[in-house]
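The values are calculated or read from the model by the stated rules, or taken from the named source; none is laboratory data. Values in this document were obtained by computation on a predicted structure and should not be read as measured data. Cβ coordinates were reconstructed from backbone atoms using ideal geometry, including for glycine residues, and neighbour counts include every protein chain displayed. Quick note on the areas: whole protein, heavy atoms, side chains included, nothing else; ligands and nucleic acids left out. Shrake-Rupley method; radii C 1.70, N 1.55, O 1.52, S 1.80 Å.
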Amino acid sequence: MRIGILTGGGDCPGLNAVIRAVTKSLIRQCGAEVIGIEDGFFGLMDASPRTRVLDWRSVSGIAHRGGTILGTSNKSNPLRSPADTERTLANARALALDGLVVIGGDGTMSIAHGLAAHGLRSVGVPKTIDNDIVGCERSFGFDTAVATATEGLMRIETTAMSHSRVMIVETMGRHAGWIALEAGLAAAADIILLPEIDYSIEAVVRVCRTREAKQHYTVICVGEGAKARGADLTVQNTVPGSHDPIRLGGVAHVLREQLQPHLKSEVRATVLGHVQRGGQPTPFDRVLATRFGHHAAQLVAAGRFGEMVTLQGGALCTVPMARVADQQRTIAADDPLLVTAREIGVSLGEA
Ligand code: F6P
């Protein structure tokens, strides 16, 4: 058996632990040959495919490393044109691949699902710091991102306190507020603004003013996809060729301008950005990534292509890739964590 493995979309702490677990499991359980494909689907689309054999040694000692040893891309899409699709399929045939293990988000799953219709089969492994994959309650990388964002918020708090400022900290997460909600709660932020709840500027001002009079400082955690009622998303830039070309970012600065005229204290904004995606995975993410990788190899061994490994109720299971493609799991209005935040007095910017 010859199986290709690739990482697609934005990188995420824990990818190397998946690559290691898939490779070692396939070698040990099936005597399979594992071919690493470089830079996501780009490595399979190129006129001469960019691949390397992954053996036991080449995946040893990488579980703790951030990023991906294979490289990744969020611009490669073999379905963009018939010529790209045909070249990708021809390369897969030339490499004698029996199937792929694709590690990625909803965009990667969508591409893999599309290629399956042309006969190139895949097993999926969900990856994203955003924790927004449908049918997956916890994706690896999220725990690391939350830990980093929490540390950022707590560092900001001490300086907010010293200067009696209102400090806004923006987290990643696209249209889902999971990172903002968990990091905000972990760091005891005073206000948490989420993409799922359009905030009222008046409500945020009110909380800041009350705190100006008592505690003298305020920490606001805002997810990059949040927006004021009636306002638009804050788009940082668009990336042509990307499966999802919109890149969010900068709402912290927008919020700063909305708040400053109404407050006596100085308002400052910090965008945490890619520090949330880089660096070593937490032990939790290493273990989850290893479990996902091992399970994906078992699916390959059982010929269960078209499925994506997932975590539900704390247990590993699978969902059809088709169900995951191009969708996002956002925070429901009755999510217990959201309810908890509200009921312990955290402002969610609601009127
Ligand atoms: O999906 C992961 C993520 O880090 C999002 O949280 C963020 O909006 C986006 O990727 C940033 O993408 P890029 O690295 O292309 O700017």
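Values computed for the structure shown
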read-out: Search result, residues across the stretch 22-33 that are surrounded by 24 or more Cβ atoms within 10 Å (Cβ to Cβ) and farther than 13 Å from LEU97 by Cβ; value: VAL22, THR23
read-out: Members of the stretch 176-190 found to be assigned to a loop (DSSP other than H, G, I, E, B) and within 16 Å of the ligand (Cβ to nearest atom), listed by number; value: ALA176, GLY177
read-out: Residue list for the stretch 297-312, restricted to those being surrounded by fewer than 20 Cβ atoms within 10 Å (Cβ to Cβ) and within 15 Å of VAL34 (Cα to Cα); value: GLN298, ALA301
read-out: Where a residue in the stretch 309-321 is under 11 Å from GLU137 (Cα atoms) and its partner, wherever it lies, is open to solvent by 10 Å² or more (accessible area, probe 1.4 Å) and of a type in the set (S, T, N, Q), with Cβ under 9 Å and at least six apart; value: THR310/THR318
read-out: Condition check for VAL287: under 28 Å from ILE103 (Cα atoms), modelled with pLDDT of 95 or more, within 16 Å of the ligand (Cβ to nearest atom) and open to solvent by 30 Å² or more (accessible area, probe 1.4 Å); value: no
read-out: Test: residue in the stretch 235-257 that is away from the ligand (no atom under 16 Å from the Cβ) and surrounded by fewer than 16 Cβ atoms within 10 Å (Cβ to Cβ); value: yes
read-out: Single match in ASP244, ASP232 (criterion: of a type in the set (D, E, K, R) and within 19 Å of GLY104 (Cβ to Cβ)); value: ASP244
read-out: Residue list for the stretch 295-331, filter: in a loop (DSSP other than H, G, I, E, B) and within 18 Å of the chain's Cα centre (by Cα); value: ALA325, ASP326, GLN327, GLN328, ARG329, THR330, ILE331
read-out: Answer from GLY61, GLY135 - the residue that is farther than 20 Å from MET321 by Cβ, assigned to a loop (DSSP other than H, G, I, E, B) and open to solvent by 10 Å² or more (accessible area, probe 1.4 Å); value: GLY61
read-out: Checklist (1) open to solvent by less than 10 Å² (accessible area, probe 1.4 Å); (2) more than 23 Å from the chain's Cα centre (by Cα) applied to LEU70, failing item; value: (2)
read-out: Qualifying residues in the stretch 336-351 (those that are closer than 22 Å to ILE133 by Cα and touching a residue at least 40 places away in the same chain (Cβ under 8 Å)) - the one most open to solvent (accessible area, probe 1.4 Å); value: LEU337
read-out: Subset of the stretch 142-193 (residues that are within 18 Å of SER347 (Cβ to Cβ) and in contact with a Pro (Cβ under 6 Å, 6 or more places away or on another chain)); value: GLY177
read-out: Condition check for LEU153: touching a Cys at 6+ places or on another chain (Cβ under 8 Å), over 27 Å from GLY14 (Cα atoms) and of a type in the set (A, V, I, L, M); value: no
read-out: Yes/no for HIS274 being under 18 Å from the mean Cα position of the chain (by Cα) and not in a strand (DSSP E or B); value: yes
read-out: Failed criterion for GLY173 (all others in (1) assigned to a loop (DSSP other than H, G, I, E, B); (2) within 12 Å of ILE220 (Cα to Cα) hold); value: (2)
read-out: Lone qualifier among GLY36, GLY10, GLY40 - being touching a Lys or Arg at 6+ places or on another chain (Cβ under 7 Å), within 16 Å of the ligand (Cβ to nearest atom) and open to solvent by less than 50 Å² (accessible area, probe 1.4 Å); value: GLY10
read-out: Positions within the stretch 206-234 being aliphatic (A, V, I, L, M) and either open to solvent by less than 30 Å² (accessible area, probe 1.4 Å) or more than 16 Å from the ligand (Cβ to nearest atom) (or both), in sequence order; value: VAL207, ALA213, VAL219, ILE220, VAL222, ALA226, ALA228, ALA231
read-out: Contacts under 6 angstrom Cβ, first residue in the stretch 163-177 being on the phi > 0 side of the Ramachandran plot, partner away from the ligand (no atom under 11 Å from the Cβ) and assigned to a loop (DSSP other than H, G, I, E, B), 6 or more apart; value: SER164/HIS216; SER164/TYR217; SER164/SER265
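Yes/no per residue for (1) acidic (Asp, Glu); (2) open to solvent by less than 20 Å² (accessible area, probe 1.4 Å); (3) at pLDDT 95 or above; (4) touching a strand residue (DSSP E or B) at 6+ places or on another chain (Cβ under 7 Å):
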position: ALA96; (1), (2), (3), (4): no, no, yes, yes
position: ASP106; (1), (2), (3), (4): yes, yes, no, no
position: ALA112; (1), (2), (3), (4): no, yes, yes, yes
position: ILE129; (1), (2), (3), (4): no, yes, yes, no
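Results for (1) of a type outside the set (Val, Ile, Thr); (2) within 15 Å of the ligand (Cβ to nearest atom); (3) modelled with pLDDT of 95 or more, shown as yes or no for each residue.
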{"position": "GLY273", "(1), (2), (3)": "yes, yes, yes"}
{"position": "ARG277", "(1), (2), (3)": "yes, yes, yes"}
{"position": "THR282", "(1), (2), (3)": "no, no, yes"}
{"position": "ALA296", "(1), (2), (3)": "yes, no, yes"}
{"position": "MET321", "(1), (2), (3)": "yes, no, no"}
